[in-house]
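One structure is given here, and the rest of the page talks about it.
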């Protein structure tokens with residue numbers, strides 16, 4: 001039987017980039033069926049049209065929040081494997097089949113993709129680099145895990161792990177929370193893999209200080 005994979009992409013006004021993002025995900029992989037699920041946060045541009053034009057299933061999530069979008073996606077995705085990525089062309093969609101195969105061949109449950117080791121020049125500002133380093137440091141310190149990039153938005157995992165973890169955040173902290181939950185669970189076998197991280201297409205929506213403080217505060221409160 002072919003492996004069934006759902007790629008979840010949260011979007012908000014990604015009309016410039018969502019098309020190229022979806023096209024980067026291989027559609028004809030022997031022994032694997034890969035579908036794209038876009039969770040859109042009420043975009044006011046042509047994001048939905050561009051996604052649907054390329055065969056993606058689109059769900060509009062009126063409730064705000066990065067984490068909220070993913071929770072909706074996790075509920076809707078019924079496949080054995082789930083992959084996640086942003087809709088701004090930064091992550092390598094063509095790596096998803098290899099990561100799914102790695103889950104199988106290495107008997108893993110969760111793969112987190114480290115952006116910081118193979119980042120293109122200019123893909124991340126200096127302030128974002130510092131913020132990522134600081135948040136990763138405190139993630140490891142407070143939660144006693146060892147990971148190189150706590151903020152990456154590309155993960156590939158078996159859907160069954162969602163029944164073993166508790167995701168509480170509806171915002172940006174969900175990215176670090178899912179890794180904390182996975183790494184600390186002895187029944188979940190995790191691995192971090194470096195991937196190329198590219199310059200994004202479109203406007204940067206991350207607020208360095210505001211989102212950084214929220215993520216840092218979440219690390220303390222979850223601890």
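The values are calculated or read from the model by the stated rules, or taken from the named source; none is laboratory data. The shown structure was predicted, so the numbers you read here are calculated from the model rather than taken from an experiment. So basically every Cβ, Gly included, is an ideal-geometry build from the backbone, and we count neighbours across all protein chains shown.
Here residue 128 clears all of (1) within 30 Å of residue 43 (Cα to Cα); (2) surrounded by fewer than 20 Cβ atoms within 10 Å (Cβ to Cβ); (3) without any contact (Cβ under 8 Å) to a residue 40 or more places away in the chain except the condition numbered (3). Annotation note: of 63, 68, the sole residue that is farther than 20 Å from residue 96 by Cα, in contact (Cβ under 8 Å) with a residue 40 or more places away in the chain, part of a loop (DSSP other than H, G, I, E, B) and under 19 Å from the mean Cα position of the chain (by Cα) is 63. Taking the criterion of being out of contact with any helix residue (DSSP H, G or I) (no Cβ under 8 Å at 6 or more places or on another chain) and either crowded, with 20+ Cβ neighbours inside 10 Å or free of Cβ contacts under 8 Å to residues at least 40 places away in the same chain (or both), the residues of the range 93-113 that qualify are 95, 96, 97, 98, 99, 100, 101, 103, 105. Checking each residue in the range 19-51 for being assigned to a helix (DSSP H, G or I) and within 20 Å of residue 91 (Cα to Cα) picks out 19, 20, 21, 22, 23, 47, 48, 50, 51. Residues that are surrounded by fewer than 21 Cβ atoms within 10 Å (Cβ to Cβ) and under 21 Å from residue 72 (Cβ atoms) within the range 38-59 comprise 41, 42, 44, 45, 48, 49, 52, 54, 55, 57, 58, 59, listed in sequence order. Do we have any residue at all in the range 12-27 that's within 28 Å of residue 218 (Cα to Cα), over 17 Å from the mean Cα position of the chain (by Cα) and in contact (Cβ under 8 Å) with a residue 40 or more places away in the chain? Yes, some residue in the range 12-27 is within 28 Å of residue 218 (Cα to Cα), over 17 Å from the mean Cα position of the chain (by Cα) and in contact (Cβ under 8 Å) with a residue 40 or more places away in the chain. Counting only strands (runs of 3 or more DSSP E) that fall entirely inside the range 78-195 and contain at least 1 residues that are over 12 Å from the mean Cα position of the chain (by Cα) and at pLDDT below 95, the qualifying elements are 110-119.
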